[in-house]
Each structure stands twice: as structure tokens, then as C-alpha cells.
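Values in this text are rule-based calculations from the coordinates and carry no lab data. Predicted model only: the values in this text are computed from it and were never measured. So basically every Cβ, Gly included, is an ideal-geometry build from the backbone, and we count neighbours across all protein chains shown.
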Amino acid sequence: MLEAAIVWLQHADPATIYLFLFLVAFLENVVPPIPGDIPIAFIGYLIIQSGITFVGALLWSSLGSTAGFMLVYMLSRHLGMKLYAEGKSPAKHWLAKSAHRFFPPSDMELLRRKFATHGYLAVLVNRFLFGSRAVISVMAGLMHLKSMYVFLAAVLSATAWNVLLLYGGYLLGSNWQDIGGYAAMYSIPVTITFVLILSLAVWKFIRERKLHHE
């Protein structure tokens, strides 16, 4: 299917290519199995031989990435508000009861206060995190992170990542498919660093709770 799309895009007009960029970047966030990085890198390669511009490709791919991320975030936030609504009677719905059993409301509120900063950092680097982009948007919503800050972080993350993909595809030319290996060079170190930061924060959080209960 991807091969057919590549052949089709080589003969498509600029408006169609921009629409494709927006859709593939959007759907990658909403339906995670859909690949987004490789098609965007291919569009970078097409800049050489088509009527599209780098700025136009960056704009539409980043808009798609941000829109998809924010849609999942808003849905997750809406669900989180229902599951952990403040000042309401005890949970009656089975889904809320299940969520409260594993993550009590008191713990969720504490987690929001302790990990809000890490949540915004996760959104900021979400495009560079290996295999966890969809999880970040869901967790940002459940933790009720502020929408404006999430939006700005998502825009910055998507723009920076798409610059690398498009420019990488442009530089690699006919070898644009090698972008996966180069993308890993950025993703893996960032992912390891973020996991270490988060692990340290979780360890400190658990230690503080133990000291508090002793």
C-alpha cells in the first residue's frame, strides 16, 4: 500500500501532496499503526522534483501532527474529567470504579502535582520518543495538563521532528528510505534520557511516600 502511495504521489499536484501530508501526520497520532515518518521523509525527497516547497511541507505536516495529538489529548482529558471529576459523588460506572481501584483519586491528584512538569516535558519531546507518542497524548489528557501549554509543546515537538524528516529526505535523495536509521540516532538517546529522568522522579516520589507513611 505504501509503495502504491509513493508512485501516486510522484505524479500528484502540490495541493494533493500537502493534503496527504496533513492526513498521514494526523492519522499517525490517532491510529498509531499508521506510519508517518517514512511518508514525510519521502515528501522531503519530492521537494527536489515537484512544485511543493519546504515551508509548505513543514507547515502541513506539523499542522497534521499537532491536530492529531490534540484530538487524542482532548478526548483523554474529557474521559479523565469524567473518571476523576472533583466534588462529585463516589464512582458508580464500572469504568470509573475500575480506574479508581488501580489509581485512586487522591493518588491521581498527587501525581498531577508531582509530575505536571515532567508531563509537559514529555509532550515537548514526544515526537523524539521511541514507540510512545500515542501514550504521551493519552497521559497528558488524563493528568489534565493545561491545554495551551500542551498545544505549544506539541507544535514545537512536531515542527522540530518534521524539519529533521523533511530535510533528511531532501538530503538523502533517492536513499530517502534510510531515514529510519537516522531517525533512531535522535530518538534513542532522547528516549533513554527521558526514561532516566522519569525513573528518578518516580523513585523520589515512592521514597517520599514511604517516609510520609512511616
* If the chain between Thr193 and Leu156 were fully stretched, how many nm would it gain, using 0.36 nm times the residue separation less the Cα-Cα distance? -> 11.4 nm
* Starting at the first residue of segment 159-165, write each ³J(HN,Hα) from the Karplus equation 6.51 cos²θ - 1.76 cosθ + 1.60 with θ = phi - 60°, in whole Hz, x for Gly and Pro. => 5, 4, 5, 5, 4, 5, 5
* Structure fact -> 1/(1 + (r/R0)^6) with r = Cβ-Cβ of Gln10 and Leu71, R0 = 30 Å, i.e. FRET efficiency to nearest 0.05, evaluates to 0.50
* **Order of His11, His78, His144 under a 10 Å beta carbon neighbour criterion, fewest first** => His11, His78, His144
* Got a sec? How would Ser147, Ser61, Ser199 order by Cβ neighbour count within 10 Å, fewest to most? -> Ser199, Ser147, Ser61
* For Leu171 and Leu79, compute 0.36 nm times the residue count separating them, minus their Cα-Cα distance, and round to one decimal in nm. => 28.8 nm
